[in-house]
Every structure is written in structure tokens, then in C-alpha cells.
Amino acid sequence: MVSRTRDQIGSGLDGVRGLWARAPRSARWVVYLALVVGAVLLPSRSIGSFMTPESDWPTVLFYPIGIYILLAIGLNVVVGQAGLLDLGYVAFFAIGGYMMAVLGTKLHWDFWEILLVGVLASALSGVVLGAPTLRLRGDYLAIVTLGFGEIVRKIAENTDSIGGPRGIAGIPHPPTLSQFEIFGVRPLRYGVLDPRPYYYLLVALIVVVIIFAKRLENSRVGRAWAAIREDEDAAELMGVPTFRFKLAAFAIGASIGGATGVVWAGKVISIIPANFPFILSATILAAVVLGGSGNIPGVMLGAFLIAWLPERFRGLQDYRVLAFGAVLVLMMALRPEGLLPSRRRKAEFAEGGGGMGSLGAEVGSARAGEPAAVGQ
């Protein structure tokens with residue numbers, strides 16, 4: 001029964017994907033524009049009355065939904081495109097947040113300057129982490145990245161100059177760009193009460209990151225990442241400088257995480273080390289796997305569901321985590337390769353690749369009677 005349902009869902013999604021592949025460029029741009037317009041209209045209170053009846057919908061749209069989506073796109077560069085399992089991704093989110101807090105409160109820098117510095121500092125941190133560790137593979141790399149995430153959090157807890165366990169308060173908001181108003185909303189006025197301008201800022205950043213990630217995916221860099229993900233040894237024998245491209249994946253993914261941290265800290269005013277636990281890295285990784293590792297629309301869908309479902313079930317109180325877990329189990333039972341996997345990743349999963357490089361190769365083949373691929 002489960003297998004039949006899974007096949008029906010898969011054939012339906014493949015049909016939609018085929019229509020999209022045959023669609024002319026003009027039709028695709030119309031869809032893209034419609035999606036952006038839909039995102040702009042999404043904070044409507046009438047939509048919120050259904051989506052999160054127990055919570056403030058615009059606030060939930062910014063965090064956790066928008067933040068999770070942007071973090072998932074960044075982690076997808078590392079996990080989905082390059083096949084490197086990173087369990088410490090929250091560290092780059094924390095670095096961006098603390099850059100905003102420290103530079104904004106102590107040096108009184110402008111938000112846009114801090115955003116640029118946060119991106120560069122996070123990318124440098126990705127290089128610092130990757131340079132000595134990317135010779136490792138699979139679960140060994142996962143353990144090292146997990147440790148890096150905990151190290152960053154512990155350093156923040158034990159450094160008095162950045163607030164220690166009390167964190168940093170009084171973080172400035174982004175500067176108001178205009179008092180322009182439309183339908184009662186001032187989308188460029190950043191204050192304390194209205195979360196919608198921060199949501200629109202996040203939407204703009206998500207659009208920029210998606211364009212950047214898609215161009216990378218279709219470039220020589222993206223092809224190198226795909227080769228590394230499928231078989232790193234074969235890629236190296238074919239002349240691909242695997243270490244350099246893996247380091248680039250870590251730096252780019254880290255920079256997106258850092259940018260997310262800067263925007264988030266500019267909204268919440270106060271941060272503490274406890275805001276950056278390991279479970280956040282695991283949650284974003286779950287979103288990537290659930291949505292379809294390697295496919296940006298799938299990753300965004302997975303992040304949306306991971307962020308939205310607990311808020312939708314908030315009325316169940318103590319039972320909402322149980323309901324959330326049950327829904328995730330059902331989704332993965334019906335679509336073990338993810339809700340919207342790319343064709344290439346779906347083929348890798350069917351062959352036993354599991355969709356996560358050498359670590360995912362431990363997952364058995366989806367075809368009955370075939371042996372599982374052996375990880376490196």
C-alpha cells in the first residue's frame with residue numbers, strides 16, 4: 001500500500017517536472033514573478049488565521065520559516081550539491097549574529113556594512129574549518145563539523161568581552177530606508193513592532209541567494225561538486241581539484257549562513273549563546289533531506305514544513321511534538337528520497353547513494369534484491 005502510494009506520488013511529480021522542463025523561458029519567468037508576488041502577499045492576516053491560528057503569522061514567517069529556508073539553501077550547497085555532511089552549520093549562523101551584535105553595539109557600524117563583513121567573516125570561518133578537515137570523509141567529517149559548532153557556542157559562552165552566557169543586548173535595527181507606505185505597510189521602515197519589513201528583507205536576500213546558487217549549480221563549479229558527490233576518487237582521477245572545490249562549497253555555504261545570522265540578529269535585538277544549539281543544525285539538515293537534497297525548490301519546501309508544522313500544531317500543546325514527528329515519519333515513508341528531489345539525486349538514491357555522498361552510500365538500494373552500495 002505504501003509502495004503504491006509512493007509510486008503514484010512520484011509519477012505525478014515527475015509529470016509536473018516534465019511539463020516544467022518543456023515550458024518556454026517566458027512561461028518560467030511568469031511563474032517566478034508570480035511566486036515573488038505571492039511571497040510579498042503572504043503576511044496577510046487572513047492567511048495567518050489558517051496557517052498559524054495560535055501564533056502571529058508575520059512573526060512566524062520571518063522566524064522560523066524565512067530563516068530556516070535561507071539556512072537550508074546555504075546548507076544545501078554543502079550537503080546537497082557537494083555531498084559533504086555538515087553537522088555544525090549553526091556555527092556560521094552564530095558568527096553572523098555575533099558580528100551584527102558586536103559591530104552594531106560597540107562600533108556602531110551601519111547594518112549594510114555589517115552584512116558584508118558578516119558574509120566575509122563567515123566565509124573565512126568556513127575556509128578555516130575546511131582547510132584541515134576536508135581530507136576526511138563521511139561520518140568522520142560529520143563528527144569534526146559537529147565539534148566546530150559546539151566550539152563556537154562554547155567560545156561565545158566563555159568570552160566576557162562579547163557578553164558571555166548573558167549575550168549581547170541592544171542590537172540596532174537596520175536603518176529605515178523610506179517611509180513609503182502601501183496597504184498600511186511600510187516595507188522599508190525597520191522598527192520593533194512590525195515584523196513584515198524584516199520578512200521582506202529576508203525575501204529579497206532569499207531571491208539573491210537562489211539566483212547565485214542556481215548559477216553555481218549550472219556552472220563548472222556545480223559540475224565539479226556533482227562529480228565529487230557521486231564519486232570523489234573518480235573525480236580526482238579525472239583531474240578535478242576536489243579539495244579546492246570542497247573548500248569553496250564550505251566557504252559559500254558558510255557565507256549564506258552568516259548573512260542569515262546578521263539579518264536575524266538585526267531583528268531580535270538581543271542574542272545569547274543558547275540561541276545556537278546543535279539541534280538547530282540537525283533541524284536544518286532534516287529540512288534539506290526531507291525536501292530533496294540538491295534541489296532548491298525541494299529544500300525550500302522541506303524547510304517550510306519543518307518550520308511551519310510545529311507552529312500549526314501549537315494548539316495541541318504537549319502533543320504537538322508527537323504530531324510533528326508523526327507527520328515527518330509519514331512523509332519520509334512515502335518519499336524516502338525527499339519530497340522534491342532532483343532527477344540526478346533520485347537516481348543516486350535508487351542506486352544506493354542515499355543522496356549524501358559517501359555517508360549516504362550506506363543507505364541500501366531502493367530496488368528489491370539489490371545489494372547496498374558500500375561507502376568509502
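Throughout, read-outs are computed from the coordinates displayed, never taken from laboratory work. Since we're looking at a predicted model, the values are computed, not measured. All Cβ positions, even for glycine, are placed from backbone atoms using ideal geometry, and neighbour counts span all protein chains on display.
Worth a mention:
- Simple spin-label estimate for Leu188 and Asp56 in nanometres, 7 Å along Cα-Cβ: 2.4
- FRET efficiency for the Val30 to Leu107 pair, using the beta carbon distance and R₀ = 35 Å, is estimated at 0.20.
- Simple spin-label estimate for Ala282 and Ile151 in nanometres, 7 Å along Cα-Cβ: 2.2
- Computed over the chain, the per-residue total of -39500 (n - 2.57) for DSSP H runs of n ≥ 4 gives a 222 nm mean residue ellipticity of -21000 deg cm²/dmol, rounded to 500.
- Cα-derived Rg to Rh of the range 243-292, Kirkwood definition: 1.04
- Summing charges over neighbours of Gly315, with a neighbour being any other residue whose Cβ is under 15 Å away from its Cβ, gives -1 when K and R count +1 and D and E count -1.
- Rough spin-label spacing in nm, given labels placed 7 Å along Cα→Cβ, for Ala326 and Val207: 4.0
- Cα-based Lys proximity count in the chain, under 28 Å, for pairs eight or more positions apart or on separate chains: 8
- Reducing the range 228-247 and the range 147-205 to their Cα centroids gives an inter-centroid distance of 38 Å.
- Of the peptides 91-100, 119-128, 185-194, the ranking by mean beta-carbon count within 10 Å, highest at the top, reads 91-100, 119-128, 185-194.
- Tensor-based shape of the range 203-355 (alpha-carbon gyration tensor, a/c under 1.5 rounded, otherwise prolate or oblate): oblate
- Computed over the range 61-138, the ratio Rg/Rh where both radii use C-alpha atoms and Rh is Kirkwood: 1.02
- Cut-off 14 Å (backbone N to label point 7 Å along Cα→Cβ of Leu136), residues of the range 68-96: 84-89
- Listed by number, the DSSP H helices of the chain that run 27 Å or longer by alpha-carbon position along their axis and have mean Kyte hydropathy of at least 0.0 are 111-133, 138-157, 196-217, 242-268.
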